[in-house]
Amino acid sequence: MMQQQSKDPLHGKTLEAILNELVTHFGWEQLGARIRINCFNDNPSIQSSLKFLRKTPWARKKVEDLYIAYCAR
């Protein structure tokens, strides 16, 4: 029996993996220019960004949308 594969580009991706890929692809400066949130512009780090994104749904959505647009191809 064949398993059906999810068409969701975020399926199986952790927020940390998504953020790491975006930082690798864009860098903090470009990421901060595309998504204007302080955790990307003021002393950015993966851990501080994850903490903010996990408790701020609108910001997490923007990160996920950017990932889908540029990295999940």
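Could you grab the pairs with beta carbons closer than 6 Å, sequence gap of 6+ or different chains, first residue in segment 27-38 and aliphatic (A, V, I, L, M), second one open to solvent by 60 Å² or more (accessible area, probe 1.4 Å)?
Listed by first residue and then by second, the contacts come to 35/62.
Look through segment 30-73, keep the residues that are hydroxyl-bearing (Ser, Thr, Tyr) and surrounded by fewer than 17 Cβ atoms within 10 Å (Cβ to Cβ), and return whichever of them is nearest to residue 7 (Cα to Cα).
Per the criteria, the residue is 70.
Of the numbered conditions (1) out of contact with any helix residue (DSSP H, G or I) (no Cβ under 7 Å at 6 or more places or on another chain); (2) part of a helix (DSSP H, G or I), residue 28 fails exactly one; give the number of that condition.
Exception for residue 28: condition (1).
The values are calculated or read from the model by the stated rules, or taken from the named source; none is laboratory data. The structure presented is a predicted model; accordingly, all values stated were derived computationally and were not measured. Here the Cβ is made from the backbone with ideal geometry for all residues, glycine too, and neighbour counts use every protein chain on show. When the accessible area is computed, the model is the full protein with side chains, heavy atoms only, and any ligands, DNA or RNA have been set aside. Shrake-Rupley method; radii C 1.70, N 1.55, O 1.52, S 1.80 Å.
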